[in-house]
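Dropping a structure here in structure tokens format, bear with me for questions.
The values are calculated or read from the model by the stated rules, or taken from the named source; none is laboratory data. What you are looking at is a predicted structure, and each value in this text was computed from that prediction instead of being measured. Cβ atoms come from the backbone with ideal geometry, glycine included; neighbour counts cover every protein chain shown. Please note that ligands, DNA and RNA were not included when accessible areas were found on the heavy atoms of the full protein model with its side chains. Shrake-Rupley method; radii C 1.70, N 1.55, O 1.52, S 1.80 Å.
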Amino acid sequence: MIALGINIDHIATLRQARQGIEPEPVLAALLAEQAGADQITVHLREDRRHIQYRDVQLLRSIIQTKLNLEMAPTAEMVTIAKELKPDTVTLVPEKREEITTEGGLNLEKPGLDKIIAELKEAGIEVSLFIEPDVSMIKLGDRLGAQAIEIHTGAYANLKKDDEIKAELQRIQKAAKTIKSSGLRCVAGHGINYKNIYGLLQLELFEEYNIGHSIISRAVFTGIEEAVREMKRILNQ
Ligand code: PXP
């Protein structure tokens, strides 16, 4: 079975638009789980623009599936992860001015190996969010990652068939390297109800983390229906 992680950051974005109490991301997580989500994914950003510490704390104590915390590889975030103990930490790059996570993590950042080791020592699985680049994946493996999430944003933004095909080949090569290294092979960013089919055809990913398209559909259908439909596509 292919696992579906639901990224609920956008629920928190809507709440933060009024700095208020609704919609409640924790409720979204519970409904997503009820509809078949296998994991709840949240990004606790340095500027706390959507998900708050309290959300992660509540999710940790309430959800029954897995909790995947996306975070920048900083000392502050490592301390928080060790307090909150998510099942997985996905290390992502972070820039204050970006709208969403742009590009994969730079694995040449000094001290990344120590951060990965510290998180693993605390019993947390460490995943790295990186571009579909074979040399980066090999480096991620050497740094001690247990999973790699391929950034599918470039694939998702392409319009021309030949470009889509070329990017899928790049992703395939990268995903095969992840699997042959014995790491969990994950995909995320920009995935929707249409472009998922190209990725599924590769038969290499065991988990997808999807936020924007599912939450967008949920506005019209409700979150349970939106999650059920993606689950159906993943495992049909
Ligand atoms: N995976 C990672 C590592 C991300 O940073 C994001 C965006 O926060 C997602 C998955 C979900 O991307 P989207 O909202 O485009 O589906």
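Determine whether the range 3-18 contains at least one residue that is in contact with a Lys or Arg (Cβ under 9 Å, 6 or more places away or on another chain), within 16 Å of the ligand (Cβ to nearest atom), part of a loop (DSSP other than H, G, I, E, B) and under 17 Å from residue 222 (Cα atoms).
No - not one qualifying residue is present in the range 3-18.
Kindly check whether there is at least one residue in the range 200-207 that is assigned to a helix (DSSP H, G or I) and surrounded by fewer than 22 Cβ atoms within 10 Å (Cβ to Cβ). Before the answer, list the steps.
Of the range 200-207, the ones assigned to a helix (DSSP H, G or I) are 200-201.
Checking which are surrounded by fewer than 22 Cβ atoms within 10 Å (Cβ to Cβ) leaves us with 200-201.
Checked against the condition, which is being assigned to a helix (DSSP H, G or I) and surrounded by fewer than 22 Cβ atoms within 10 Å (Cβ to Cβ), the range 200-207 yields at least one hit.
So which residues in the range 53-84 are out of contact with any Leu (no Cβ under 8 Å at 6 or more places or on another chain) and open to solvent by 10 Å² or more (accessible area, probe 1.4 Å), if there are any at all?
Listed by number, the residues that qualify are 54, 58, 61, 64, 65, 66, 74, 75, 76, 79, 83.
For the range 86-108, indicate whether the set of residues that are small (Gly, Ala, Ser) and without any contact (Cβ under 8 Å) to a residue 40 or more places away in the chain is non-empty.
Within the range 86-108 (the criterion being small (Gly, Ala, Ser) and without any contact (Cβ under 8 Å) to a residue 40 or more places away in the chain), the answer is no, since none of the residues qualifies.
Right, another one. I'd like to verify a number: residues in the range 179-189 that are within 16 Å of the ligand (Cβ to nearest atom) and either of a type in the set (D, E, K, R) or surrounded by fewer than 18 Cβ atoms within 10 Å (Cβ to Cβ) (or both), how many? Spell out the reasoning first.
At the first step, the residues of the range 179-189 found to be within 16 Å of the ligand (Cβ to nearest atom) are 183-189.
Imposing the further condition that a residue be either of a type in the set (D, E, K, R) or surrounded by fewer than 18 Cβ atoms within 10 Å (Cβ to Cβ) (or both) reduces the set to 184.
Selection size over the range 179-189: 1.
Quick one: residue 32 ticks every box in (1) open to solvent by less than 40 Å² (accessible area, probe 1.4 Å); (2) within 19 Å of residue 122 (Cβ to Cβ); (3) part of a helix (DSSP H, G or I) bar one, so which box is it?
All conditions pass for residue 32, except number (2).
Which of the following residues is surrounded by fewer than 17 Cβ atoms within 10 Å (Cβ to Cβ) and out of contact with any Leu (no Cβ under 7 Å at 6 or more places or on another chain): 108, 125? Spell out how you get there, then give the answer.
Numbers: 125 fails: surrounded by fewer than 17 Cβ atoms within 10 Å (Cβ to Cβ).
Sole residue among the options that is surrounded by fewer than 17 Cβ atoms within 10 Å (Cβ to Cβ) and out of contact with any Leu (no Cβ under 7 Å at 6 or more places or on another chain): 108.
Is it true that some residue in the range 141-156 is of a type in the set (Asp, Glu) and within 16 Å of the chain's Cα centre (by Cα)? Even if it seems obvious, please write down each step before you answer.
First pass over the range 141-156, keeping only residues of a type in the set (Asp, Glu): 141, 149.
After this cut, where a residue has to be within 16 Å of the chain's Cα centre (by Cα) as well, the list is 149.
Within the range 141-156 (the criterion being of a type in the set (Asp, Glu) and within 16 Å of the chain's Cα centre (by Cα)), the answer is yes, since at least one residue qualifies.
Please give the number of the condition residue 192 fails out of (1) within 16 Å of the ligand (Cβ to nearest atom); (2) touching a Pro at 6+ places or on another chain (Cβ under 7 Å); (3) open to solvent by 30 Å² or more (accessible area, probe 1.4 Å); (4) not aromatic (Phe, Trp, Tyr).
(2)
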